Each structure stands twice: as structure tokens, then as C-alpha cells.
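Below is one structure, written out as C-alpha cells; comments come after it.
Bear in mind these aren't lab numbers, they're just calculated from the coordinates by the rules spelled out. Computed from a predicted structure; not experimentally measured. Cβ: placed from backbone, ideal geometry, glycine included. Neighbour counts: every protein chain shown.
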Amino acid sequence: MKPFHLTGTDAFGEEMYLICPTCGFEYVHPIRVKVATGDGVTVIENKETRYVQRETAEVLQAKKNCGVRILLEYVCESGDHGNIILQFHEGITYFEHERLPELKPEEWRTLWRT
Ligand SMILES: [Zn+2]
């Protein structure tokens, strides 16, 4: 385990951007955000935001770690698809990454793009 130190975001010209965790490509589309607590998960997608009050996989993980689980689902323009995850546990916010099955381009549904 090693720390990730985010720097340089408050100075003009030093903005950072996300690259694909799998291939390093810079064209990464956010397609879904989930925020899971022990009770349920809020899901933000292209056309809607909803709250699901049941034990989804994310809710069970949040419960197991006694902390919020925040997932940014992305797809990169090379076709990689995955979740970048922030998991809060005992005062520390951990970074995780998981790969998901490839999507067809028509399934990307980038957030807030028409
Ligand atoms: Zn990629």
C-alpha cells in the first residue's frame, strides 16, 4: 500500500487529468457514478439519478468496510471499461480499480453529453 498524493490542482496551468488505468490513454469518459453506504446506493447516469435501497454488491462492500464506497465508472476511447473506486475505511480513503467487460460504443452514455 502506498499513498497517492494529489497536487497541483489549485495553480493555473497545473491541472491534472485522468488517464486510463489500463492503457494510459488520455481520452477517458465518465459514464456512471455510484455512492454506496450501508443502506443503499445513489446512482448517477446520463439521463437520471436514482437511489437504490437494497444490498447491491457496492452496498455490501461499503458495509463490510464500515465506510462509504464511491465508484466512478469509465470507458476509455481504446475500449477499456472499469471502475475507479474510493473506499473509506477506518479514517483512510483507499483507491481501488476494477476492470469491467468491454462495452459497445453505443453503450458508453457519457455523463452530461447529449
Ligand atoms: Zn484504456
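How large is the charge dipole for the chain, taken about the Cα centre, if only the Cβ atoms of Lys, Arg (+1) and Asp, Glu (-1) carry charge, to the nearest 20 debye?
Roughly 420 debye, rounded to the nearest 20.
For PHE95 and GLU26, calculate 0.36 nm times their separation in residues minus their Cα-Cα distance, and state this gained length in nm to one decimal.
Contour length minus Cα-Cα distance gives 22.9 nm.
Could you let me know the centre-to-centre spacing of region 69-114 and region 19-46, using Cα atoms, in angstrom?
Centre-to-centre (Cα) distance: 3 Å.
When TYR51, TYR17 are ordered from fewest to most other Cβ atoms inside 10 Å of their Cβ, what list results?
So the residues, fewest neighbours to most, are TYR17, TYR51.
Share of Cα-Cα pairs in the chain beyond 21 Å, in percent?
The answer is 45 percent, as a whole percent.
Calculated from DSSP H runs of 4 or more alone, at -39500 (n - 2.57) each and per residue, what is the 222 nm mean residue ellipticity of the chain, nearest 500?
-2000 deg cm²/dmol
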